[in-house]
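A.B. asks: Once you've had a glance at the structure underneath, I'll fire off some questions.
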Amino acid sequence: MKPAPFLYFAPNSLDEALLLLAQYGDEGKVLAGGQSLIPTMNFRLAQPAVLIDLNLIAELFYVRAQADGPLHIGAMTRQRTLERDPLIAAHAPLLQATMPHIAHPQIRNRGTIGGSLAHADPAAELPAVALALNAQLRLRSQHNERWVAARDFYRGLFTTALAADEMLVEIALPSLPPRTGWSIQEMARRHGDYAIVGVAATLTLDEQGRCTQATLALLSVGEGPVQAQQAIKLLQGELPTPALLAAAAATTAQIDIDPTADIHASVAFRRHLAQVLTRKALTEAFERAKR
Amino acid sequence: MTTRYFGQPIKRNEDPRLLTGQALFTDDVHLPNMLHVAFLRSDYAHAHIRSINVSAAQAIPGVVAIYTADDLGDYWRPGPLLVPPPPVKDLIFNPRMQVPLAKNKVRHVGEPIVVIVAESRYIAEDAAQQIFVDFEPLPAVVDIEKALAPDAPVIHPDLAHNLNAHVIQRKGDYAAIRDQAAVLIKRRFLYDRGTAAAMENRGIVADWDAKNEQLTMWDTTQAPIPIRNGIAAMLGLSERQVRVVAPFIGGGFGPKIMMFYPEEVLLPWISMRLNRPVKWIEDRSENFYATTQERGQVHEAEIALTRDGRVLGIHDLFLHDAGAYAPYGLTVALNSQCTLLGQYDVPHYYSEFKAVFTNKPIVTPYRGAGRQHGVFVMERLLDIAAKELGIDRVEIRRRNLIPPEKFPYNNEIIYQDFAPLIYDSGNYAPALDKALALIDYTNFIQTEQPRLRAEGKLVGLGLVTYVEGTGIGPYEGAKVTIETSGRVSVATGIGTQGQGHYTVFAQVVAEQLGVNVENVRLVTGDTAEFYWGAGTFASRGAVVAGNAIHAAAVKVRQKILKRASEDLEAAEEDLELVDGTVRVKGSPSTAIKLGELAARLNPLRGAVKPGAEPGLEATDYFGPERGATASGVHAMIVEVDPETMQVEIKKYIAVHDCGVVINPMILEGQIQGGVAQGIGNAFYEQLIFDENGQLLNASFMDYLLPTADTVPRVEMDHVETRSPLNPLGIKGAGEAGAIPVGPLFAQAVEDALIGYNIEILEIPLSPNRLFELVLEPQQGS
Ligand SMILES: Cc1cc2nc3c(=O)[nH]c(=O)nc-3n(C[C@H](O)[C@H](O)[C@H](O)COP(=O)(O)OP(=O)(O)OC[C@H]3O[C@@H](n4cnc5c(N)ncnc54)[C@H](O)[C@@H]3O)c2cc1C
């Protein structure tokens, strides 16, 4: 389990890193926390010729909040920081609550938000949470910059909108409207394992208690994070009664997702879990929204 | 026997070294000029090798040598048969052993084909990637129930079929009593096991010193002496020219016994050929294929009972997965056969098994070593019988326990040590009572469970019993020496893998010599220190080596008393050994330090009496007539979440009888660790092979080991029934914790899911499998 030979660069600035990326394009890979990349290299499943280490680029590590504006998070911000930073707790409690579900403290000490979002593992929590929070992602290459919505970023199994010379540099999370509740629910075999199924949800109520906006994103049920489109439609404009939430959960499980079987779960079990967890997530989000 | 040392929860002598990272493990051995080894292994479970092209790999700078089977010449030989079959009538046995490197054919994924020696492991692995093997894939034998089909692919062509062994053992006459039974219950059971997943993988450093013509080998083996003997013979060296050191080992559990693994056989040969030290450390990926495992059995079992729940007999037919080769003989399957009857007085038993070859890694003993499979079948049959007869599950067990007056109890079949399966001693009812008290059985069943169920909580209880054959022969030996400093050194031949040998053996010695446990220094696992012995396996370390050490210590004690009685002018009976001195009882100042006495016995000038032996030292050996049978009862309470099918263990208790206890703290650690592995087996771990024999979960991402938060703290109690088979009265304890967990888990989960009316006839389980089991009857209706 030793990686194949590679060239290693550890630039100090984003510009340098982008220059290297422009130069090495397809053969190069950026190294963030290394918690997914290094194991794949040790298994020789990935054999990048060049590694561009982002860990010395101070300008990629930050969490910033503007009054009423979005929360900005540098791509290299460690998952452990997201768990502990009071700005995250205040502005994106769903993100904070997600962290303990991701692996173990040792891994979160290294793993980054950008690394997880860019890696696009369908079983990862952060891509689904990015969908649920309507995240905007800032992508940069040597000469260009663009913003892509999380929902447009994911393109299939381990694939994203990132071009070979592009890097994810920042995540922006719009602030939650008033009367918004949220929830993350998942089922993993052991604490810290990738989930068999997970659900992230937000629910926004108007003054009459009707649902004005809902987000519902699932993990481990498709080739990437999956939005439960039909279920969201069911909720829009309605009073979130237990019956409605149950119907939304059933719609999620039966219509919105197309899970596959693997050694841990059959399709039927995944649909069952999706239903159970979606109902729990919507119920909890609703309870929080009412407060 | 509880005294100052023996029977006390004394802290472990080895822990300071282990906990501060000072202990030597094989990978800590760094020698000047050392080369590193990697293997190219088969990607196919079953294939012909048409050709191997190593030229591109050879050209890589830093590659020193590459060998295929053809390069080994005469050294290429199948490994030894480690355990011959027992003397059972009409037994069929077709041994086929692993080879150092595959020649012409591969028989399981991960089988080594080429060995690469390079200046670093990185380079060696780069080279492995540049070796091209032209395979002709063959259909694989994966499902054991299809292995004997007439059209099954044949794994060892000289055999014409895949039968490794066929064994029938009988007690009484099952066929004759079957008609008298009021109730017959027949079921099909599947019991699959996983890999030991020791924290430390295997590793070897071999160093041929040409000037001294001496080979030193550091090896993660549980049995250094047999390895030394075998390697010396293979290499044409004298046993005195080979030193095998098994340093600290991060877990053995069976697969590290004395396999003569290809790597073990090749590294010394390479070192001699290249005249340089070589190192190979198994990585975790390799461990999933290249280290032996346990795996599945399929049982078709029938139990015959009277109306009041007395077991008249058991009839069991089973298939056992041997893997691609079977160097360890029939041990695992025999253990299943010989452990099934457990604590029960069963007059009639018919047990027939077929061991079959499959295109999967080799199966050899792993903690419990087949006993689990047998215990599962018996305990589940009793559970089903209890339900059918309307008898409480504890009561049906109690009615069938072997009563204390029937010991020694003869099961009339042959055990893995070739001796008749005779339980030496046992007292089962008190352990059962203690278990009922610890788990608060009556209260739980009558009050707690109904109350929690009314709240919608799916809680269930399990309670099972088991026996463990332990402490088998042939023998071990030990040398005990009192040094002139007063320190005591003890050398024995077995290896150690974390069990606490440094402490329990010191306790045995301290008991005889009256010295502090910390003053006893043990050397195990170094063939230069002790020449004779077998190894650590089959829960035999404490029993066999412990009694050998005891015997040697007793001899040293006699030497002390003899000489001190002369020097102190007192009768031997009036002397006592206390605090590192020998002194006259009632007159503590009339004393000699043991170190001083040792010095007197090793004079540098003058004359000694004719026949005098120098020093205070003795060597002795111990070999039991046959194994000692330990026993126990485990119980637990679980809660099942009906929405996710997650199982939470609320309480776990174990009552254990391993005869006289040397160190209760270490014993509890052994049981706790065994239970953890048992829980892994029951609910987390499973090696999943596809129809081509590919292992689908060969990493810790998908092969789930139980973690600290999934394993409860086991509450324990003990019963002490002496073994009459050894002077210390002890029985082994190493495997006990792991054995009964499968049926326990099944019973408790079934109880929790009582409303769903399921029968759990298989292990391992998982949330997904429980979901399927619960749905099956619903879909059927
Ligand atoms: C034992 C274990 C358990 C785990 N359990 C979970 C879990 O339960 N849930 C979960 O979600 N994750 C889990 N992970 C993964 C972990 O969260 C990783 O941290 C994460 O997937 C990747 O983040 P990283 O910073 O380590 O990225 P890296 O491993 O460094 O990189 C991953 C990939 O993303 C690319 N990349 C990284 N940063 C950028 C960027 N800024 N722009 C463009 N491309 C980039 C890399 O080139 C690489 O291809 C686990 C990991 C381990 C080792």
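A.B. asks: Just the number, please: percent antiparallel of the DSSP beta bridges in chain B, rounded to the nearest 5.
C.D. replies: Expressed as a percentage, antiparallel bridges in chain B total about 80.
A.B. asks: When each pair of different Cα atoms in the stretch B:112-152 is counted once in the 1/r mean, what is the Kirkwood radius in angstroms, to one decimal?
C.D. replies: Computed over the stretch B:112-152, the radius equals 13.4 Å.
A.B. asks: While we're on this one: With both bridge residues required to lie in chain A, what share of the DSSP beta bridges run antiparallel, to the nearest 5%?
C.D. replies: 85
A.B. asks: With Rg and the Kirkwood Rh both taken from Cα atoms, where does Rg over Rh land for the stretch A:7-53?
C.D. replies: Ratio of gyration radius to Kirkwood radius for the stretch A:7-53: 0.97.
A.B. asks: Taking the alpha-carbon centroid of each part, what is the distance from the stretch B:589-633 to the stretch B:352-384 in angstrom?
C.D. replies: 44
A.B. asks: On to the next question. Taking Rh as the Kirkwood radius, which is the inverse of the mean 1/r over Cα pairs, what is the Rg/Rh value for the stretch B:651-742?
C.D. replies: 1.12
A.B. asks: Give the residue list of chymotrypsin sites (Phe, Trp or Tyr not before Pro) in the stretch A:98-207 that are DSSP loop and have at most 15 other beta-carbon atoms within 10 angstrom.
C.D. replies: Hits after loop and neighbour filter: A:158.
A.B. asks: Given the convex hull over the Cα atoms of the stretch B:409-506, what projected area results after averaging over all orientations, in nm²?
C.D. replies: Spelled out: convex hull of the Cα atoms, projected over all directions, averaged, 11.8 nm².
A.B. asks: Continuing with this model, one more query. Count the net charge of all other residues whose Cβ sits under 14 Å from the Cβ of residue B:315, scoring Lys and Arg as +1 and Asp and Glu as -1. Kindly include the intermediate steps, with their values, before the conclusion.
C.D. replies: On the way: positive: B:170, B:171, B:178, B:186, B:187, B:188; negative: B:173, B:179, B:300, B:302, B:316, B:352.
It works out to a net charge of 0.
A.B. asks: Go ahead and run the numbers for FRET between residue A:258 and residue A:12, Cβ-Cβ distance against an R0 of 45 Å, rounding to 0.05.
C.D. replies: 0.50
A.B. asks: Could you work out Rg/(2.2 N^0.38 Å) for the stretch A:17-95, with Rg from alpha carbons only?
C.D. replies: Numbers: Rg = 15.6 Å, N = 79, 2.2 N^0.38 = 11.6 Å.
So the Cα radius of gyration is 1.35 times the expected 2.2 N^0.38 Å.
A.B. asks: Okay, moving on. Trypsin sites (Lys or Arg not before Pro) within the stretch B:638-720: which are DSSP loop residues with at most 13 other Cβ atoms inside 10 Å? Could the numbers behind the result be given before it?
C.D. replies: Working: sites: B:650, B:651, B:713; in loops: B:713.
Qualifying residues, ordered by number: B:713.
A.B. asks: Additional query: Between residue A:62 and residue A:230, how high is the FRET efficiency from 1/(1 + (r/R0)^6) when r is the Cβ-Cβ distance and R₀ = 35 Å? Nearest 0.05.
C.D. replies: Working from the Cβ atoms, E equals 0.40.
A.B. asks: Can you compute the radius of gyration and Dmax for the stretch B:648-695, using only the Cα atoms, both in Å?
C.D. replies: For the stretch B:648-695, the Cα radius of gyration and maximum Cα-Cα distance read 16.1, 49 Å.
A.B. asks: How big is the Cα convex hull of the stretch B:52-100 in projection, averaged over all directions, in nm²? Write out the running numbers ahead of the final one.
C.D. replies: Working: hull surface 21.5 nm².
Convex hull of Cα atoms, orientation-averaged projection: 5.4 nm².
A.B. asks: Also, quick follow-up: In nm, to one decimal, how far is the modelled label at residue B:134 from the one at residue B:650, with both set 7 Å along Cα→Cβ?
C.D. replies: For the pair residue B:134/residue B:650, the computed spacing is 6.6 nm.
A.B. asks: Next up: If you take the alpha carbon radius of gyration of the stretch B:179-277 and divide it by 2.2 N^0.38 Å, what ratio comes out, to two decimals?
C.D. replies: On the way: Rg = 20.4 Å, N = 99, 2.2 N^0.38 = 12.6 Å.
The value comes to 1.62.
A.B. asks: Hey, another quick one. Past the 16 angstrom mark, what percentage of all C-alpha to C-alpha distances in the stretch B:505-573 do you count?
C.D. replies: Values: 1352 of 2346 pairs.
The answer is 58 percent, as a whole percent.
A.B. asks: With +1 on each Lys and Arg Cβ and -1 on each Asp and Glu Cβ, and nothing else charged, work out how big the dipole of chain B is about its Cα centre, in Debye to the nearest 20.
C.D. replies: Numbers: 71 positive and 95 negative charges, 306 e Å.
With Lys and Arg at +1 and Asp and Glu at -1, about 1480 debye.
A.B. asks: Give the shape of the stretch A:157-204 as rounded, prolate or oblate, defined through the alpha-carbon gyration tensor: a ≥ b ≥ c are the square roots of its eigenvalues, a/c under 1.5 means rounded, and otherwise the shape is prolate if a/b is larger than b/c and oblate if not.
C.D. replies: Oblate, since a/c reaches 1.5 and b/c is not below a/b.
A.B. asks: So, one more: If I take R0 = 25 Å and measure r between the Cβ atoms of residue A:49 and residue A:107 in this structure, what FRET efficiency does the formula 1/(1 + (r/R0)^6) give, to the nearest 0.05? Walk me through the intermediate numbers first.
C.D. replies: Values: r = 26 Å, r/R0 = 1.05.
So the FRET efficiency works out to roughly 0.45.
A.B. asks: Please state the equivalent ellipsoid semi-axes for the protein assembly as shown: what are the square roots of 5 times the Cα gyration tensor eigenvalues, largest first, in whole Å?
C.D. replies: Working: eigenvalues 552, 293, 192 Å².
Three semi-axes, in Å: 53, 38, 31.
A.B. asks: A further question follows. For the stretch B:695-743, what D do you get in µm² per second when you plug the Kirkwood radius from alpha-carbon pairs into Stokes-Einstein at 10 °C and 1.306 mPa s? Working shown, then result.
C.D. replies: On the way: Rh = 14.8 Å.
Using the Kirkwood radius from Cα pairs, D works out to 107 µm²/s.
A.B. asks: For residue B:146, go through the aspartates and glutamates and keep the ones whose alpha-carbon is under 13 Å away, minus same-chain ones fewer than eight residues off.
C.D. replies: Cross-link targets: B:321, B:691.
A.B. asks: Just to be sure I understand: with springs between alpha-carbon atoms less than 10 Å apart, which residue in A:161, A:261, A:32 has the highest mean-square fluctuation in the Gaussian network model of chain A?
C.D. replies: Of A:161, A:261, A:32, the most mobile in the Gaussian network model is A:261.
A.B. asks: Sticking with this structure for a sec: Using the Kirkwood formula over every pair of different C-alpha atoms, what hydrodynamic radius in Å results for chain B?
C.D. replies: After inverting the mean inverse Cα-Cα distance, the result is 27.8 Å.
A.B. asks: Still on this structure: Could you tally the net charge around residue B:324, taking each other residue with its Cβ under 11 Å from the Cβ of residue B:324, Lys/Arg +1 and Asp/Glu -1?
C.D. replies: Taking every Cβ under 11 Å from that of residue B:324, the sum is +2.
A.B. asks: Give me the net charge for the shell around residue B:202: Cβ to Cβ below 15 angstrom, other residues only, Lys and Arg +1, Asp and Glu -1. The partial results should precede the final answer.
C.D. replies: Working: positive: B:41, B:121, B:256, B:279, B:284; negative: B:27, B:28, B:200, B:219, B:263, B:264, B:282, B:283, B:286.
After counting each charged neighbour, the total is -4.
A.B. asks: Put +1 on the Cβ of each Lys and Arg and -1 on the Cβ of each Asp and Glu in the protein assembly as shown; which of A:168, B:355, B:148 then has its Cα farthest toward the positive end of the dipole?
C.D. replies: It is B:355.
A.B. asks: Compute the projected area of the convex hull of the Cα atoms of the stretch A:180-290, averaged over all viewing directions, and report it in nm² to one decimal place.
C.D. replies: Average of the hull's projected areas for the stretch A:180-290 equals 6.2 nm².
A.B. asks: Lysine pairs in chain A with alpha-carbon atoms under 28 Å apart, 8 or more places apart or on different chains: how many are there? Working shown, then result.
C.D. replies: On the way: A:2/A:29; A:233/A:280; A:233/A:290; A:280/A:290.
Lysine pairs meeting the criterion: 4.
A.B. asks: Sorted from largest down, give the three principal axis spans of the alpha carbons of the stretch A:58-173, whole angstrom values.
C.D. replies: 34, 32, 27
A.B. asks: Looking at the stretch B:442-551, which GluC sites (Glu not before Pro) are in a loop (DSSP not H, G, I, E or B) and have at most 13 other Cβ atoms within 10 Å?
C.D. replies: Counting only loop positions with at most 13 other Cβ atoms within 10 Å, the GluC sites (Glu not before Pro) in the stretch B:442-551 are B:455.
A.B. asks: Further question: Suppose every Lys and Arg Cβ carries +1 and every Asp and Glu Cβ carries -1, with no other charges. What dipole size does the stretch B:233-332 come out with about its Cα centre, to the nearest 20 debye?
C.D. replies: 580
A.B. asks: Give me Rg/Rg_expected for the stretch B:79-220, where Rg uses Cα atoms only and Rg_expected = 2.2 N^0.38 Å with N residues.
C.D. replies: Scaled against compact globular proteins, the figure is 1.58.
A.B. asks: Under a Cβ-only charge scheme (Lys and Arg +1, Asp and Glu -1), can you give me the dipole magnitude of the stretch A:180-290 about the Cα centre, in debye to the nearest 20?
C.D. replies: Taking the Cα centre of the stretch A:180-290 as origin, the dipole is about 220 debye.
A.B. asks: In vacuum, with every alpha carbon of chain A counted as one equal point scatterer, what does the Debye formula give for log10 I(q)/I(0) at q = 0.13 Å⁻¹? Two decimals, please.
C.D. replies: Each listed q maps to, in turn, -0.88.
A.B. asks: GNM on chain A, C-alpha springs below 10 Å: top fluctuator among A:233, A:280, A:29?
C.D. replies: Result for chain A, Cα springs under 10 Å: A:233 fluctuates most.
A.B. asks: Considering every residue in A:180-192, what mean count of other chain Cβ atoms within 10 Å of its Cβ is obtained? Write out the running numbers ahead of the final one.
C.D. replies: Details: counts 0, 0, 0, 0, 0, 0, 1, 6, 2, 10, 9, 4, 2.
Whole-number average of other-chain Cβ neighbours for A:180-192 is 3.
Bear in mind these aren't lab numbers, they're just calculated from the coordinates by the rules spelled out. Everything numeric here is computed off the predicted structure, so don't read it as measured data. Methodologically, a virtual Cβ is constructed for each residue, glycine included, from the backbone with ideal geometry; neighbour enumeration extends over all protein chains shown.
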